[in-house]
Structure formats: structure tokens, C-alpha cells
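The values are calculated or read from the model by the stated rules, or taken from the named source; none is laboratory data. Please read all numbers here as calculations on a predicted model, not as lab measurements. Here the Cβ positions follow ideal geometry from the backbone for every residue, glycine too, while neighbour counts run over all protein chains shown.
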Amino acid sequence: MSKRRVTPYQNMNLKEINMSPSQLKLARAFLGYSLTDMSDALQLSANNGADTIRKMESGKVNITGPISVAVDAMVKGYNPFYEDGGDGDS
């Protein structure tokens, strides 16, 4: 059984519906996603999705509840780049 690493993100309290800009940025770093990767994972516009993520991380655009829920699911193991949401090993 492998030991799971604990990250600063996992110690955050995400009980509130919306995450903060710093939580979003930390989650993206934890996932190892670029702005474009995160935009693709959240199915944002191909034209300006990365810019929207950048604006969310800087506090210029509100982070909606659905974005918060989706990012939280990704941090907990959901992989949006596989049809079944798994890790691609199955």
C-alpha cells in the first residue's frame, strides 16, 4: 500500500461553496496543470478560457460554485481527461 502525500491544498477548508483565488491557484499547481490545461479540464472556452482562469486566480473574475466543485473533485482524484474520470490505468 502506497503512502499518500499530504499537500497544503488538502489542509484547506473548502466547506464554503466558492474557493478563493489563492486556493484555485494552489489547486492548479497541485494538479500540475497549465492555465490551458485547467481551462480544458473545466471545459471553458478554447478562445479565452486560460485568460478566464488567470483572472479568477487574480481575483478579477468570481470563481463560481460549479468551478469550485469541479476543481475540488479533480484534486480528490477525478481526472477529466479520461472518459471514466479515472487515472487511465483501467
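Side notes on the structure shown:
- Scanning region 30-84 for residues that are hydroxyl-bearing (Ser, Thr, Tyr), more than 10 Å from the chain's Cα centre (by Cα) and crowded, with 18+ Cβ neighbours inside 10 Å yields a single hit, THR52.
- Pairing each residue of region 28-39 that is under 16 Å from SER68 (Cα atoms) with any residue that is modelled with pLDDT under 95 and outside any helix (DSSP H, G or I), provided the two are 6+ apart or on different chains, yields C-beta distances under 6 Å for PHE30/THR7.
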